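K.L.:
The structure follows.
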Amino acid sequence: MPSSTFRWAIRWLVVLFCLVNSTLIVAQSTGGRILGRVADPTGAVLANVKVMLTNEATGVARDTKTNTSGDYNFLEVVPGRV
């Protein structure tokens, strides 16, 4: 039969395991990410350009602006149909 110290240690390890894994489960997401760069035909990046993302199935649209490097980023994009 295991000692009480051993059982106590096992219980704390189980509690610690549950706490660590619960934060990992919450960190999961169902959305995606779209990122890109806006440039002109010569390859020069364009800053402060409005970029719009539209879900054609629902008509919901979001917009963002490019940063000084011409990069844009849409977070938590709901998956659509192909």
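The values are calculated or read from the model by the stated rules, or taken from the named source; none is laboratory data. Remember, it's a predicted structure, so these values are computed and weren't measured experimentally. Side chains included, ligands, DNA and RNA excluded: accessible areas come from the protein's heavy atoms. Shrake-Rupley method; radii C 1.70, N 1.55, O 1.52, S 1.80 Å.
K.L.:
Among the residues of the stretch 31-66, how many are open to solvent by 70 Å² or more (accessible area, probe 1.4 Å) and under 21 Å from the mean Cα position of the chain (by Cα)?
P.N.:
9
K.L.:
Name the residue that is farthest from Val77 (Cα to Cα), counting only residues in the stretch 1-56 that are at pLDDT 80 or above and basic (Lys, Arg).
P.N.:
The residue in question is Arg11.
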